[in-house]
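The values are calculated or read from the model by the stated rules, or taken from the named source; none is laboratory data. None of these values were measured; they are calculated from a predicted model. So basically every Cβ, Gly included, is an ideal-geometry build from the backbone, and we count neighbours across all protein chains shown. Side chains are part of the model used for accessible areas, which takes the heavy atoms of the whole protein and leaves out ligands, DNA and RNA. Shrake-Rupley method; radii C 1.70, N 1.55, O 1.52, S 1.80 Å.
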There are 4 protein chains.
Amino acid sequence: MTRENHRENVAGRANVEDTPELLKYYDELEGHHTGALWTVANKIEPWEPKSQSQPVLWRYRDLREKVLRSVELVTPEKAGRRVIYFNNPGRSDVAAAVGWIYAGLQVMHPGEKATAHRHSASAIRFIMEGSGAYTVVDGHKMTLGRNDFVLTPNGTWHEHAVSDDGTPCIWQDGLDIPFVNAMEANFFEVHPDLSEPVAFPVDDMTKTWGNAGLTPGGGDWSKGYSPMFKYEWDRTYEALNHFSEASDPSPFDGHLMEYVNPTTNGPVMKTLGASMQRLAPGFATKAHRHTGSYLYQCCKGSGHSIINGQRFDWSERDIFCVPSWAWHEHANASDSEDACLFCLNDLPVIRALGLYREEALGDNNGHQPEG
Amino acid sequence: MTRENHRENVAGRANVEDTPELLKYYDELEGHHTGALWTVANKIEPWEPKSQSQPVLWRYRDLREKVLRSVELVTPEKAGRRVIYFNNPGRSDVAAAVGWIYAGLQVMHPGEKATAHRHSASAIRFIMEGSGAYTVVDGHKMTLGRNDFVLTPNGTWHEHAVSDDGTPCIWQDGLDIPFVNAMEANFFEVHPDLSEPVAFPVDDMTKTWGNAGLTPGGGDWSKGYSPMFKYEWDRTYEALNHFSEASDPSPFDGHLMEYVNPTTNGPVMKTLGASMQRLAPGFATKAHRHTGSYLYQCCKGSGHSIINGQRFDWSERDIFCVPSWAWHEHANASDSEDACLFCLNDLPVIRALGLYREEALGDNNGHQPEG
Amino acid sequence: MTRENHRENVAGRANVEDTPELLKYYDELEGHHTGALWTVANKIEPWEPKSQSQPVLWRYRDLREKVLRSVELVTPEKAGRRVIYFNNPGRSDVAAAVGWIYAGLQVMHPGEKATAHRHSASAIRFIMEGSGAYTVVDGHKMTLGRNDFVLTPNGTWHEHAVSDDGTPCIWQDGLDIPFVNAMEANFFEVHPDLSEPVAFPVDDMTKTWGNAGLTPGGGDWSKGYSPMFKYEWDRTYEALNHFSEASDPSPFDGHLMEYVNPTTNGPVMKTLGASMQRLAPGFATKAHRHTGSYLYQCCKGSGHSIINGQRFDWSERDIFCVPSWAWHEHANASDSEDACLFCLNDLPVIRALGLYREEALGDNNGHQPEG
Amino acid sequence: MTRENHRENVAGRANVEDTPELLKYYDELEGHHTGALWTVANKIEPWEPKSQSQPVLWRYRDLREKVLRSVELVTPEKAGRRVIYFNNPGRSDVAAAVGWIYAGLQVMHPGEKATAHRHSASAIRFIMEGSGAYTVVDGHKMTLGRNDFVLTPNGTWHEHAVSDDGTPCIWQDGLDIPFVNAMEANFFEVHPDLSEPVAFPVDDMTKTWGNAGLTPGGGDWSKGYSPMFKYEWDRTYEALNHFSEASDPSPFDGHLMEYVNPTTNGPVMKTLGASMQRLAPGFATKAHRHTGSYLYQCCKGSGHSIINGQRFDWSERDIFCVPSWAWHEHANASDSEDACLFCLNDLPVIRALGLYREEALGDNNGHQPEG
Ligand SMILES: [Fe+2]
Ligand SMILES: [Fe+2]
Ligand SMILES: [Fe+2]
Ligand SMILES: [Fe+2]
Ligand SMILES: [Fe+2]
Ligand SMILES: [Fe+2]
Ligand SMILES: [Fe+2]
Ligand SMILES: [Fe+2]
């Protein structure tokens, strides 16, 4: 066996040669569940982050057929949920799509219903196709349509279903499962009745809390997540358009709006953030990089992104990821139609813990050379 | 001259008889700019608040004609603004409508424009009639329509006007002038150019910040007031209807929503709050009382309020006040149409300083006996 | 009767001549509880604050004798409390020492005890002389010594006393009574038992919360006031000295520290703030002015202050006030001893409501010409 | 190769048998960087956390000799820092002592100085023995003595040293290196001058910010970490004693105080928390468990802890860890002397992200059966 020894010949960095005496010393240390810092210091204190995740694009035309086939292959009873999850080549040990974020495509047929349960992991759904889908979260029922975004926060009972008169539905799930597991804080519980009663008027939370600049009198909300459980596409797209009329685009994101908890203007949940951005016809961003892990879904139009020098072309429903500290830039393929990208990320964690850092690409007029 | 001496024959309260020796002592104290607490303690520590303000209703059909006449009587140049202010009989020393709140009706003709200025007092406008009104606040221009609610916060440059192609406009002004004067903190400045340039797209702030559950990416706002300067009536009324569908009415307010700063979910400004409430057809509230001063405007429908036992009937555009700690209850007069009340108040002050207290009327099934 | 009409010949200000027609119009308006804004606008929108309070110095050698005499003149049972209150010539209508702050000197003899009670007004005590004084606040007993500062916040039961083995005690009371009355939010209650049981170890709150950089595990505190009810002089003076060693003095205040709620680093109570400042031997500040009302007590050394051009010399236990927006500067009289000023103020209100403004004196090297 | 397939025969959990058809389907999914959720769902959604860390006790009498020997074996120039780090058997892949926390023992001889540098990882030091140690953080120099606790927050330049007239010093380092690496957000920079100038009076930050209930006038601090960089032992021990006099011990912790940022009463840094607790003579806690990772150092007295049924006896300077969700209870070995435990943990992360959960042991009068 050879011992690790990460040497660098730079002032202030460890650079200790192995000697027989030292190797013996390392053996002794190991016997006491210790090690010599200088053998690993350069490894554990890197000059800058090097993500384990790889940039990947998952093409919907491939995966749609796959996830639909699961309906023939497994029953909801046996499978729990029929989901194809995104397995980043660098993160398959924790079943993550990127960083510590889990994501998958779920399919459900009319009349089906998942067992009600709850967990410490927080989840979102983003509706991709089909009609009649609904979710019940802590007794609040929400009807779901195309491009709607819905929360099932940490600790809430939830149940997903498609009504009898609906059509087969596919949506993107996103969870912080890998992160909450890494923090060794994940708990799971099946609802004692396997199902969950609807206790409020349909869509009551969005009707109560989803009104710009108006809050319910006497209403208070102090939970760590948004009381607005559903964010509807129509209002979201309208907001993007209003915002686009009122201000110049960001050079790195076009017009990007973050989904927020309306009672704090902060992230929808403590561990997962989401945004929707609009690239105007013909618009291409410049490149930058920042910490945090990002999973995009194109939900309108088409275009491409260059991530660490690699080009990924995307069209509606394609999904791709940008790992931490990876250079990235996006471009709309059309000169007449806008393109919209939904993004799920761990920014709330990165920001809350003071770990956000950002850098613009200075060279080449802000654009990466394509590989 | 007789000295004040507020005696009460209750354990723990002052009850000292005047004697020649004491009266001489009081004279000595006065010579040193002091007094004996026990002569005034019962006065300055009352058992409960007794407001100096009286409940008053200002009828629009009376005042409309009056304010329109001001146009003939004074020029904008000489008058500054043509405004009829509400002078509560108990508060005429500070020109307040109720408590420490100033309010008035302002009229402006097409093509007129008020001199741009700023002050430490915070202001709101609520549009009552006419078309073409607009306001510029720190370079942000807002077009204003019926029942729109607009802010000109503490320290912002502002300019009100009606466009050439508009009609005569009347709106309600509301300010914390008496309060800021009482705090001895009011500053006033005329704009050096007497006018203020428009520096942003029209209505940009509402387009940027007025989107439920979505915040502009990279946008931060840390001023002590809302970045959403205008709250439009259509969205407000829609919000009230959504809220009404989703929840039961408050027994004291029906469906009441507070106008809020979307970045904090707190009040629109630090010293003035506002709400809009909807009384369903046939709905009558029960009576309660609380601290704080309240000025209502009926902006839809008709009904009546009972305030400290006195009945006030109101219809569209009538304005009335509820003083601090006064019993009050409201009723919609119609069985088919809803009634909406706009309310301007000092709740942000009362709440921020820990002075809010509330009590429900227990007797008589929650209703006051009418006097 | 002549009507008010405050005219100014300045663009943007009201300047309307009285005419018979207008005077008649004003009468009509009055009949509807309204007035014409242009007649009062210049009055209620001043260019800058003009305080109603006058700068006053209350000399302890005069008042000490006066307050001690009250012991012979009135019984605690009849007087409630034997207090000489400071009556600012400009604020005697509300019994205030300055602005909206009430203050007085209270005397209590060994074995005496005030009736337990509570009120919406918030109070502080600052111990001036004597031994054996104690206060019970919501069951927490605190022993009090010279220059100790103690809180009896809004809504807490409290009882002041001097133990049998003590000596006659004099302290300064400070309350927001005038302000809470002005807000029409003052409630008063005598304790049903007239006295209040001690329910915790003596000085438990200061022992629990008064530890720099350490907070009780599992302890939470969400009330609107500090859980540290007593601030002891020894630790305060030590803090001032540490702070003086570690940083340069402020040109306007020397080394000033604010008493704070240790759970928020904000003011001790929502409506009253307090600070202690140290002027090094020979130190004299420059002049500035700001909004807010301030009542100083010299609790160590001697010196003078110049307030709006008027000089006030003070030594230990003298009390003086600085009204809102008054120019002021302080100087230590000694070249060998430091001087300390305790200050009670309404800064928490001024700051919470966004009304703080400050200006340094530029002329004459920052010093006022003495009148 | 066999595929993972985590089956459970429980309603609401995945339980799908492998079939040739499914295995072929899994192969296809893998080709698209995806997988079938039902094969891993039960693994990634466990019923409760199962920590990868093992409970370990590191005995100082073993390690002291080892760390001192490093002085003979490597030079500071080559090694950077002479540190023996704690290598938890379950976490050696990330060089963590427990969970995502790195810790080690560092030795430094008089006249030695480490190269100044900074990184995104946050660090603490806890002084174990020796005199003359000091740290410079962003120009603020702090002298360090036994049991003093000092911060070098995320992004601050820092330099550790022992003065020429000191003695060999040993301290415990603690960092969030594994966590910040996991978040892919770690940056490292060597100071351009390799050393850092002292720019303020010695210990200025503790003198300025370390005063209970008093904050520097005009001082504001909005960084994500405490401005009080050093917490001295004398004040800490005094605080523990005051707290012990004023309140009953927690059944699970005795008298525990958290080190806090005095401007927020929150954790000293965003990613690392610390506490000091006192077990009175003869005191033994009951068992409980909670999420989060904890590294204890006994810094006074002796005793034992039972962790998941395993007993660990500790005396002064021994270090041991409690993994997430492990049952634990502590006991003081002495009937006459108190015992103090310093604890470094990731509670700020766990709490900020809503992942804290706690459970008391109900059985056996709250005590674990020893294995
Ligand atoms: Fe779930
Ligand atoms: Fe980006
Ligand atoms: Fe104005
Ligand atoms: Fe009310
Ligand atoms: Fe009192
Ligand atoms: Fe001042
Ligand atoms: Fe370091
Ligand atoms: Fe514990």
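Summed over the range B:236-250, the residues that are touching a strand residue (DSSP E or B) at 6+ places or on another chain (Cβ under 8 Å) and more than 7 Å from every other protein chain (Cβ to nearest Cβ) give a count of 5. Picking from residues in the range C:150-177 that are open to solvent by 10 Å² or more (accessible area, probe 1.4 Å) and out of contact with any Lys or Arg (no Cβ under 8 Å at 6 or more places or on another chain), the one that is nearest to ligand 7 (Cβ to nearest atom) is C:L175.
Tell me, yes or no, whether the range A:74-84 has at least one residue that is among the small types (G, A, S), buried (at least 22 other Cβ atoms within 10 Å of the Cβ) and part of a loop (DSSP other than H, G, I, E, B). Yes, because at least one residue in the range A:74-84 is among the small types (G, A, S), buried (at least 22 other Cβ atoms within 10 Å of the Cβ) and part of a loop (DSSP other than H, G, I, E, B). Under the condition of being touching a helix residue (DSSP H, G or I) at 6+ places or on another chain (Cβ under 8 Å) and more than 9 Å from every other protein chain (Cβ to nearest Cβ), the residues counted in the range B:181-218 number 0. Residue check: C:L63 meets all listed conditions (1) in contact (Cβ under 8 Å) with a residue 24 or more places away in the chain; (2) more than 9 Å from chain B (Cβ to nearest Cβ) but one, namely (2).
For every residue, the table says whether it meets (1) under 24 Å from A:G145 (Cα atoms); (2) of a type in the set (G, A, S); (3) crowded, with 20+ Cβ neighbours inside 10 Å; (4) in contact with a Lys or Arg (Cβ under 6 Å, 6 or more places away or on another chain).
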{"residue": "A:L272", "(1), (2), (3), (4)": "yes, no, yes, no"}
{"residue": "A:S275", "(1), (2), (3), (4)": "yes, yes, yes, no"}
{"residue": "A:R278", "(1), (2), (3), (4)": "yes, no, yes, no"}
{"residue": "A:P281", "(1), (2), (3), (4)": "no, no, no, no"}
{"residue": "A:S293", "(1), (2), (3), (4)": "no, yes, yes, no"}
{"residue": "A:Q297", "(1), (2), (3), (4)": "yes, no, yes, no"}
{"residue": "A:S302", "(1), (2), (3), (4)": "yes, yes, no, no"}
{"residue": "A:N308", "(1), (2), (3), (4)": "no, no, no, no"}
{"residue": "A:D313", "(1), (2), (3), (4)": "no, no, no, no"}
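Going through (1) in a strand (DSSP E or B); (2) within 26 Å of A:R351 (Cα to Cα) one by one, A:K286 falls short only on (1).
Here A:T285 fulfils each of the conditions (1) within 15 Å of ligand 2 (Cβ to nearest atom); (2) open to solvent by 10 Å² or more (accessible area, probe 1.4 Å) apart from (2). Looking across the range D:166-180 at every residue that is aliphatic (A, V, I, L, M) and at the interface with chain A (Cβ under 10 Å from one of its Cβ atoms), the one that is nearest to D:R69 (Cα to Cα) is identified as D:L175. Listed by position, the helices (runs of 4 or more DSSP H) contained in the range C:177-264 that have at least 2 residues being without any contact (Cβ under 8 Å) to a residue 60 or more places away in the chain are C:204-209, C:233-246. Among residues belonging to the range B:1-27 that are more than 10 Å from C:K78 (Cα to Cα) and polar (S, T, N, Q), point out the one that is surrounded by the fewest Cβ atoms within 10 Å (Cβ to Cβ). Step by step, filter the range B:1-27, then rank; the result is B:T2.
Quick one: is C:Y237 open to solvent by 40 Å² or more (accessible area, probe 1.4 Å) and among the hydroxyl-bearing types (S, T, Y)? Yes; evaluated as a whole, the condition is true for this residue. For D:T271, indicate whether it is more than 17 Å from D:T236 (Cα to Cα) and over 20 Å from the mean Cα position of the chain (by Cα). Against the criterion (more than 17 Å from D:T236 (Cα to Cα) and over 20 Å from the mean Cα position of the chain (by Cα)), D:T271 does not qualify. Given the structure, is A:K113 farther than 21 Å from D:Y102 by Cβ, in the same structural domain as A:E159 (by TED's automatic domain parsing), at pLDDT 95 or above and away from ligand 6 (no atom under 16 Å from the Cβ)? It is false that A:K113 is farther than 21 Å from D:Y102 by Cβ, in the same structural domain as A:E159 (by TED's automatic domain parsing), at pLDDT 95 or above and away from ligand 6 (no atom under 16 Å from the Cβ).
Quick check: is even one residue across the range C:86-98 within 13 Å of ligand 5 (Cβ to nearest atom) and within 8 Å of another protein chain (Cβ to nearest Cβ)?
no
Among the candidates A:Y259, A:Y225, which residue alone is hydroxyl-bearing (S, T, Y), within 12 Å of chain B (Cβ to nearest Cβ) and buried (at least 17 other Cβ atoms within 10 Å of the Cβ)?
After applying the criteria, what remains is A:Y259.
Going through (1) away from ligand 3 (no atom under 16 Å from the Cβ); (2) at the interface with chain C (Cβ under 8 Å from one of its Cβ atoms); (3) surrounded by 24 or more Cβ atoms within 10 Å (Cβ to Cβ) one by one, B:G104 falls short only on (1). If B:A133 meets every condition in (1) crowded, with 17+ Cβ neighbours inside 10 Å; (2) within 23 Å of B:D346 (Cβ to Cβ) apart from one, which number is that one? The single condition B:A133 does not satisfy is (2). Quick check on the range A:112-122: of everything there that is in contact with an Asp or Glu (Cβ under 9 Å, 6 or more places away or on another chain) and surrounded by fewer than 24 Cβ atoms within 10 Å (Cβ to Cβ), which residue is nearest to D:G354 (Cα to Cα)? That would be A:H119. Just one of the numbered conditions (1) of a type outside the set (A, V, I, L, M); (2) at pLDDT below 95; (3) out of contact with any Pro (no Cβ under 9 Å at 6 or more places or on another chain) is not true of C:E359: (2). The requirement of being away from ligand 4 (no atom under 11 Å from the Cβ), within 14 Å of chain C (Cβ to nearest Cβ) and acidic (D, E) is fulfilled somewhere in the range B:317-324, by at least one residue. B:H109 falls short of the stated requirement of being within 14 Å of chain C (Cβ to nearest Cβ), surrounded by fewer than 24 Cβ atoms within 10 Å (Cβ to Cβ) and more than 16 Å from ligand 5 (Cβ to nearest atom). Applying the condition of being acidic (D, E) and over 21 Å from D:L272 (Cβ atoms) to the range D:319-351 and asking which residue is surrounded by the fewest Cβ atoms within 10 Å (Cβ to Cβ) yields D:D335.
Kindly indicate which of D:V40, D:V16 is among the β-branched types (V, I, T) and outside any helix (DSSP H, G or I).
On the way: D:V40 fails: outside any helix (DSSP H, G or I).
The match here is D:V16.
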